[in-house]
Structures are given as C-alpha cells and as structure tokens.
Amino acid sequence: MTFGKDIVKNFMLILSTTLIASSVPIVAAEKHLKSGVYHITQSWSQETAFKRLYYVNVPEHSDQQKLPVFIFLHGHGGNAKDAMDEFMRRHTTMVARYIMVFANGYKTSWNIMSEGSQADDLGFIEAIVKQLSTYTNVQKDNFSVMGNSNGAALVNQLAIESKLPNLRNYVSAVSPLNIYQHDGKYFKAKGPDNNYQVAVTPMTGKRLMNISGTTDDLVPYYGGTSNYIPAKDGKLGFVDAEESIFLWARQMGYEGKKLSKPSRIDGNLEIFSYLNGDVIHYKVVNEGHGASKAISENILLEFLEGDSEREK
C-alpha cells in the first residue's frame with residue numbers, strides 16, 4: 001500500500017509542477033538583440049544543416065530605442081570577422097547609430113556565377129533580415145545592405161530578386177550590374193544553376209548607391225569583359241557603370257534621359273544623381289578596385305539616412 005501512496009504522491013507532484021509551469025508565459029527566444037555571433041542553418045549540394053555565421057554589433061546604451069540595421073557583405077576571399085574589424089574601425093559614427101551586421105560567405109565567396117560557393121546566398125541574407133526583424137530594438141522597415149566587389153554582386157541580386165519590404169537601401173561598391181543580371185533589356189533572376197534565364201521585375205521604392213573606379217582592372221568601369229573574374233563561358237562581362245545606375249533609376253521610376261555628365265563634382269568624385277539622390281552613382285576618377293575607400297562615412301550616412309544633396 002505504501003508503494004501505491006508513493007505513486008499517487010508523485011503523480012500529484014508532477015501535476016502540480018505542470019500546472020505551475022503552464023501558468024508562466026513562455027518566451028520563445030531573447031527578443032532584445034544583443035551583440036554576438038548568430039547563425040542561419042541551411043542545406044544545399046555542398047552541405048547539410050550547415051550553420052552559416054553572421055556577426056552582430058549593437059551600440060552600447062541603446063536599450064530604449066529601435067535602431068536601423070546595416071548589413072555588410074565582404075568581397076571574394078574575405079570573411080565577416082575581418083570585414084567587421086576594418087569597417088567598424090573606419091566608421092565609428094555608424095557604429096554608434098546602427099546595428100551592424102557582417103555576414104560570412106561560404107568558401108570566402110558569394111554564389112553569383114562561378115564561385116566556390118553554391119549556397120543559396122540570397123536566401124541566407126533574407127533569413128538574417130527576417131530573423132533580426134523580430135527583435136524589439138530593431139527598426140524592421142529600415143534595413144540597408146552594402147557589399148564590396150563579389151559582395152556587391154550579391155547586393156545587386158538582392159535588389160533584383162528580393163521582395164522583402166524591410167530592405168530600404170542597397171549599396172554596391174566596385175560592382176555594377178553584370179551582363180547576366182541585366183541582359184540589355186531585362187533584369188534576370190539567378191536561378192538554381194546560375195543560368196539567369198528568367199526575367200523579373202525588381203521592387204520599386206528602393207534607394208540605390210553604386211561606387212565604381214575608372215581604373216578598375218578587375219571590373220571595367222566602362223563595361224565589357226573582366227580580365228580575371230570567371231564565368232561559365234569564359235570571363236564575366238559587366239554593364240557600363242553609368243548605364244547600370246541609369247537602368248536602376250529607370251526601374252525606380254525615373255522617366256528622363258540618361259545623364260551624359262555628372263550632376264556635381266567633388267574632387268575626384270563625379271556624382272550622377274537620379275530621383276533626388278535616391279538612385280546615385282559615385283564615379284571615382286583614377287581609382288581602381290579599392291574605390292569605395294574614397295567614399296567618406298559622411299557621404300555614406302547621408303545616403304543611408306536620405307539626406308543627400310537634392311537636385312533642383
């Protein structure tokens with residue numbers, strides 16, 4: 001009989017514990033985003049349930065405010081940690097005002113044409129945006145994404161294909177559209193095999209900045225075939241940088257003619273501005289593949305915050 005009493009006693013204890021636990025609100029996850037290393041799990045032909053890392057830096061003493069998010073995509077051969085260290089060192093004002101995110105490309109690259117990665121990078125970045133949008137200290141409708149070189153090519157593809165309303169600003173450094181992303185008539189979706197067969201219509205209402213150097217020997221400023229970047233049929237071709245920004249301006253609602261001369265000049269920067277600066281190209285004269293370093297933090301912030309000089 002003692003054995004039976006113990007069963008009843010234990011059952012009542014379990015029942016009591018269950019009832020108490022069920023009365024406590026269940027929190028699925030930490031809702032206040034903090035600095036740290038996060039991941040998105042993806043599977044594709046090269047990996048199964050692979051944890052793809054991204055680094056987050058949240059400004060100190062920002063507990064009571066919602067902040068905009070800035071995502072940076074490194075170039076080919078780079079990685080998120082090194083990109084984070086360098087970018088944050090050079091952009092201290094942004095570090096204090098933005099949630100900074102640095103995503104890590106698989107095999108130090110982003111899957112655009114013939115890179116080592118075959119991962120779904122567009123899905124990776126979109127998953128980061130969706131995940132971060134759930135946090136209470138994030139402005140869910142104010143995400144910006146900037147990429148350098150191979151990372152900029154992914155920025156272009158995001159602008160072409162993504163339907164996320166969260167993404168507001170796109171910044172491509174030293175990589176205008178390639179000839180697969182725009183074939184002269186249509187913007188193209190990459191497709192699972194990087195064949196760019198399907199014409200798509202990018203979302204409107206987005207803001208775009210491109211930075212390109214006139215003496216870039218990797219990505220030719222005036223368009224044509226790269227001497228170094230591989231494609232399936234040889235080397236990768238690019239759209240002329242000024243034509244590329246005009247194509248984006250037209251997609252975003254510009255109805256005028258292509259600018260034949262810069263809207264303004266600032267030192268070695270020739271600026272081609274459309275739609276009151278919402279679509280803008282910085283031509284960096286006599287600079288090569290490192291042309292993005294000619295863009296000051298103030299210039300970048302003015303664009304991200306929509307305060308760039310307006311055309312009359």
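Check Phe143 against each of (1) touching a helix residue (DSSP H, G or I) at 6+ places or on another chain (Cβ under 9 Å); (2) modelled with pLDDT under 95 and name the one condition it does not meet.
Every listed condition holds for Phe143 apart from (2).
When only residues in segment 206-229 that are in a strand (DSSP E or B), of a type in the set (A, V, I, L, M, F, W, C) and in contact with a Phe, Trp or Tyr (Cβ under 6 Å, 6 or more places away or on another chain) count, which is surrounded by the most Cβ atoms within 10 Å (Cβ to Cβ)?
Looking at the filtered set, the residue picked out is Ile211.
Glu255: on the phi < 0 side of the Ramachandran plot, among the acidic types (Asp, Glu) and in a loop (DSSP other than H, G, I, E, B), yes or no?
Considered against the rule, which asks whether it is on the phi < 0 side of the Ramachandran plot, among the acidic types (Asp, Glu) and in a loop (DSSP other than H, G, I, E, B), Glu255 comes out as yes.
Can you name every residue in segment 181-201 that is among the aromatic types (Phe, Trp, Tyr) and either touching a residue at least 40 places away in the same chain (Cβ under 8 Å) or within 19 Å of Leu154 (Cβ to Cβ) (or both)? Don't jump to the end; show me each part of the working.
Of the residues in segment 181-201, the ones among the aromatic types (Phe, Trp, Tyr) are 186-187, 196.
Phe187, Tyr196 - these are the residues of segment 181-201 that are among the aromatic types (Phe, Trp, Tyr) and either touching a residue at least 40 places away in the same chain (Cβ under 8 Å) or within 19 Å of Leu154 (Cβ to Cβ) (or both).
I'm checking my understanding of the structure. Among residues of segment 56-77 that are of a type outside the set (Val, Ile, Thr) and buried (at least 20 other Cβ atoms within 10 Å of the Cβ), which one is nearest to Asp120 (Cα to Cα)?
Going through the qualifying residues, I end up with Leu73.
Does Ser172 qualify as being buried (at least 22 other Cβ atoms within 10 Å of the Cβ), out of contact with any Phe, Trp or Tyr (no Cβ under 9 Å at 6 or more places or on another chain) and without any contact (Cβ under 8 Å) to a residue 60 or more places away in the chain? Working first, answer last.
Values: buried (at least 22 other Cβ atoms within 10 Å of the Cβ): yes; out of contact with any Phe, Trp or Tyr (no Cβ under 9 Å at 6 or more places or on another chain): yes; without any contact (Cβ under 8 Å) to a residue 60 or more places away in the chain: yes.
Spelling it out, Ser172 is indeed buried (at least 22 other Cβ atoms within 10 Å of the Cβ), out of contact with any Phe, Trp or Tyr (no Cβ under 9 Å at 6 or more places or on another chain) and without any contact (Cβ under 8 Å) to a residue 60 or more places away in the chain.
Which ones in segment 175-208 are small (Gly, Ala, Ser) and either touching a strand residue (DSSP E or B) at 6+ places or on another chain (Cβ under 9 Å) or closer than 15 Å to Leu122 by Cα (or both)?
The initial filter retains those residues of segment 175-208 that are small (Gly, Ala, Ser), namely 175, 184, 189, 191, 199, 205.
Answer for segment 175-208, where residues must be small (Gly, Ala, Ser) and either touching a strand residue (DSSP E or B) at 6+ places or on another chain (Cβ under 9 Å) or closer than 15 Å to Leu122 by Cα (or both): Ser175, Ala189, Gly191, Ala199, Gly205.
Does Ile265 count as among the aliphatic types (A, V, I, L, M) and either assigned to a loop (DSSP other than H, G, I, E, B) or surrounded by fewer than 17 Cβ atoms within 10 Å (Cβ to Cβ) (or both)?
Numbers: among the aliphatic types (A, V, I, L, M): yes; either assigned to a loop (DSSP other than H, G, I, E, B) or surrounded by fewer than 17 Cβ atoms within 10 Å (Cβ to Cβ) (or both): yes.
It is true that Ile265 is among the aliphatic types (A, V, I, L, M) and either assigned to a loop (DSSP other than H, G, I, E, B) or surrounded by fewer than 17 Cβ atoms within 10 Å (Cβ to Cβ) (or both).
From the set of residues in segment 230-245 that are in contact (Cβ under 8 Å) with a residue 40 or more places away in the chain and part of a strand (DSSP E or B), which is surrounded by the most Cβ atoms within 10 Å (Cβ to Cβ)?
Phe238
Filter segment 136-157 down to the residues that are among the hydroxyl-bearing types (Ser, Thr, Tyr), in contact with a Ser or Thr (Cβ under 6 Å, 6 or more places away or on another chain) and surrounded by fewer than 24 Cβ atoms within 10 Å (Cβ to Cβ) and list them by number.
Scanning segment 136-157 gives no hits.
So, in segment 285-312, how many residues would count as being modelled with pLDDT under 95 and buried (at least 17 other Cβ atoms within 10 Å of the Cβ)?
Final tally of qualifying residues: 1.
Among the numbered criteria (1) at negative phi; (2) in contact (Cβ under 8 Å) with a residue 40 or more places away in the chain, which single criterion is violated by Gly205?
Of everything listed in (1) at negative phi; (2) in contact (Cβ under 8 Å) with a residue 40 or more places away in the chain, Gly205 misses just condition (1).
The values are calculated or read from the model by the stated rules, or taken from the named source; none is laboratory data. Note that the structure is a prediction, hence the values are computed from the model and not measured. Note that we place each Cβ from the backbone using ideal geometry, even for glycine, and neighbour counts take in every protein chain shown.
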